Amino acid sequence: MQHVKAVIFDWAGTIVDHGSLAPMGAFIETFAEFGVAITIEEARAPMGMAKRPHIAAICALPRVADAWAKKHGRGPSEAGIDALYASFVPKNIAVAARHATLILGVVEVTQALRAEGVKIGSTTGYTREIMAEILPVAARQGFSPDGLVCTGDTPDGRPTPFMLYKSLLDLAVWPAWSVVKVDDTTVGIAEGLNGGAWTVGVSVSGNEFGLSLQDTRALTPEERQSRRARAAARLAQAGAHYVIDSVADLLPVIAMIDSRLERGERP
């Protein structure tokens with residue numbers, strides 16, 4: 001690579017946890033603990049945000065706010081959101097390591113990028129205490145990034161570009177247009193766009209598709225294609241420059257971006 005200097009990866013649904021299952025289940029369990037049932041779709045809608053803002057976004061959904069008011073006599077308050085978050089974090093910590101299996105192709109692709117002199121960064125909506133459970137499991141499987149920025153490390157999370165900016169500082173990489181952000185969520189794509197980087201959406205392995213590898217393989221070809229098309233469309237509508245099925249498909253896209261930079265193109 002002559003022009004791409006770094007690739008910044010998301011974690012759940014991009015690097016680990018095919019289908020981004022760990023946070024989804026923890027959100028559903030947390031709301032149930034407070035007497036409010038939420039759907040998988042409601043749990044997934046704000047995925048990629050820092051977890052307290054994610055909870056606040058779920059609470060702001062009209063159906064959820066109405067269900068909360070019926071249960072608690074009023075809509076969700078800041079104190080209620082704090083209580084939900086306090087319940088959520090240990091649940092997510094408890095399941096994080098169990099959902100830290102690397103997505104197929106991650107090791108091979110990141111090794112190939114490093115061989116080309118490309119640095120490997122990462123940002124996540126997870127806190128450092130959650131990532132403390134995931135990092136050693138990922139490392140044992142062959143993936144350790146050159147940098148990690150978590151929720152709480154910057155003044156705000158996605159869709160702001162602050163975590164991306166901190167990644168650039170930590171990796172000593174600039175300008176932003178020499179960087180590629182890879183993410184399975186729409187707010188993660190926004191993070192990259194707002195930071196001036198190239199963006200690649202990951203459809204099948206991530207939140208928008210929303211199934212484990214085993215369940216994905218069990219789909220009929222027609223079901224898989226339909227679900228894939230919906231996921232890819234969501235990421236494209238969010239502004240992703242490219243959409244791929246998983247990180248395993250990334251290298252040809254990085255080569256195309258490098259060629260576009262050679263021609264003087266910018267994100």
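The values are calculated or read from the model by the stated rules, or taken from the named source; none is laboratory data. Predicted, not measured: the structure shown is a model, and the values here were computed from it. Every residue, glycine among them, receives a Cβ derived from its backbone with ideal geometry; neighbour counts consider all protein chains shown. Accessible surface areas use protein heavy atoms only, side chains included; no ligands, DNA or RNA. Shrake-Rupley method; radii C 1.70, N 1.55, O 1.52, S 1.80 Å.
From the residues in region 28-45 that are among the aliphatic types (A, V, I, L, M) and without any contact (Cβ under 8 Å) to a residue 24 or more places away in the chain, which one is surrounded by the most Cβ atoms within 10 Å (Cβ to Cβ)?
43
Does residue 173 count as over 20 Å from the mean Cα position of the chain (by Cα), among the aliphatic types (A, V, I, L, M) and within 18 Å of residue 9 (Cα to Cα)? Give the derivation first.
Details: over 20 Å from the mean Cα position of the chain (by Cα): yes; among the aliphatic types (A, V, I, L, M): yes; within 18 Å of residue 9 (Cα to Cα): yes.
Yes; evaluated as a whole, the condition is true for this residue.
Output the residues belonging to region 148-192 that are out of contact with any strand residue (DSSP E or B) (no Cβ under 7 Å at 6 or more places or on another chain), under 18 Å from residue 20 (Cα atoms), among the hydrophobic types (A, V, I, L, M, F, W, C) and not in a helix (DSSP H, G or I).
Listed by number, the list holds a single entry, 150.
Out of the residues in region 1-23 that are of a type in the set (A, V, I, L, M) and touching a strand residue (DSSP E or B) at 6+ places or on another chain (Cβ under 9 Å), state the one that is most open to solvent (accessible area, probe 1.4 Å).
21
Yes/no matrix, rows are residues, columns are (1) touching a residue at least 12 places away in the same chain (Cβ under 8 Å); (2) buried (at least 22 other Cβ atoms within 10 Å of the Cβ); (3) in contact with an Asp or Glu (Cβ under 6 Å, 6 or more places away or on another chain):
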position: 47; (1), (2), (3): yes, yes, no
position: 51; (1), (2), (3): yes, yes, no
position: 56; (1), (2), (3): yes, no, no
position: 65; (1), (2), (3): no, no, no
position: 72; (1), (2), (3): yes, no, no
position: 83; (1), (2), (3): yes, no, no
position: 107; (1), (2), (3): yes, no, no
position: 120; (1), (2), (3): yes, no, yes
position: 144; (1), (2), (3): no, no, no
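Within region 174-194, count every residue that is farther than 17 Å from residue 45 by Cβ and open to solvent by 10 Å² or more (accessible area, probe 1.4 Å).
Going through region 174-194 one residue at a time, the tally reaches 6.
Which count do you get for residues in region 85-105 that are open to solvent by 60 Å² or more (accessible area, probe 1.4 Å), over 19 Å from residue 15 (Cα atoms) and of a type in the set (S, T, N, Q)?
Counting residues in region 85-105 that are open to solvent by 60 Å² or more (accessible area, probe 1.4 Å), over 19 Å from residue 15 (Cα atoms) and of a type in the set (S, T, N, Q) gives 0.
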